[in-house]
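The values are calculated or read from the model by the stated rules, or taken from the named source; none is laboratory data. Nothing here was measured: the structure is a model prediction, and the numbers come from that model. In this analysis, Cβ positions are derived from the backbone assuming ideal geometry, glycine residues included, and neighbour counts consider all displayed protein chains. The protein model used for the area step is the full one, side chains on, heavy atoms only, and it has no ligands, DNA or RNA in it. Shrake-Rupley method; radii C 1.70, N 1.55, O 1.52, S 1.80 Å.
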Amino acid sequence: MKKTILIVVILAMFSWALYDFVFSSNQTVQEDEETSVEKNTITSEVKDNPDEEKAANTDKEGLNIGNMAPDFKLQTLDGETVQLSDFRGKRVMINFWATWCPPCRAEMPDMQKFHEKKDIVILAINLTETESNLLDVKRFVKDFELTFPILKDEKTTVANQYQIQPIPTSYMVDSKGRIQYKAFGAMNYDLMVQEFEKMQ
């Protein structure tokens, strides 16, 4: 009698385990199928709208290649207000520099030559807060005979916006306002021209 009860209990437990295993497997398969359908729907929507996805990525403002360059507004040494977005339709080189920085001094003649020979807008942003005085900047511009705009970042607001660490740092921005190249350190004339010619 006890053996019979024990066998019935074991068979009942085995049957329950088997039922539970089969039921949970079917449920997992069903969930996987539903997830797969959802993924296919999402993938299909992305494929149907690739231009929208691309536009969303390229119109994003940021500091990575392909991002829209963050807009800014600064004054020149002459007191004129300059805004980056005013130059949409032109290729722009944004350069962060200071008079006390030897690599900045080294690249300035090449930047002037680049400005004279190519159809490029150069916005040379001086980290004015780091300078001992503004006369040093004016003297520097005169000594190097610079003719492109020198912008004053008096509170390093734009330098912080662009997360500038080493100087000089340069950004090459295409005619649509997108960053196409970043240089951490001095650029020479040939490199400037090479990156300029890659841009639209």
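State the number of residues belonging to segment 88-105 that are of a type outside the set (D, E, K, R), crowded, with 17+ Cβ neighbours inside 10 Å and part of a helix (DSSP H, G or I).
Our first condition is that a residue be of a type outside the set (D, E, K, R); within segment 88-105, this holds for 89, 92-104.
With crowded, with 17+ Cβ neighbours inside 10 Å added as a condition, the list becomes 92-99, 101, 104.
Checking the rest, the ones that are also part of a helix (DSSP H, G or I) come to 104.
The total comes to 1.
How many residues does segment 130-184 hold that are more than 26 Å from the chain's Cα centre (by Cα) and basic (K, R)? Step through it out loud before you land on a result.
So the first thing to find is which residues in segment 130-184 are more than 26 Å from the chain's Cα centre (by Cα), and the list is 131-147.
Then drop every residue that is not basic (K, R), which leaves 138-139, 142.
Counting residues in segment 130-184 that are more than 26 Å from the chain's Cα centre (by Cα) and basic (K, R) gives 3.
Cβ-Cβ distance below 7 Å, separation of 6 or more or different chains: which pairs start in segment 182-200 with a residue that is without any contact (Cβ under 8 Å) to a residue 24 or more places away in the chain and end on one that is surrounded by fewer than 17 Cβ atoms within 10 Å (Cβ to Cβ)?
F184/P166
Cβ-Cβ distance below 9 Å, separation of 6 or more or different chains: which pairs start in segment 103-127 with a residue that is closer than 20 Å to G89 by Cβ and at pLDDT 95 or above and end on one that is in a helix (DSSP H, G or I) and open to solvent by 60 Å² or more (accessible area, probe 1.4 Å)?
K118/E197
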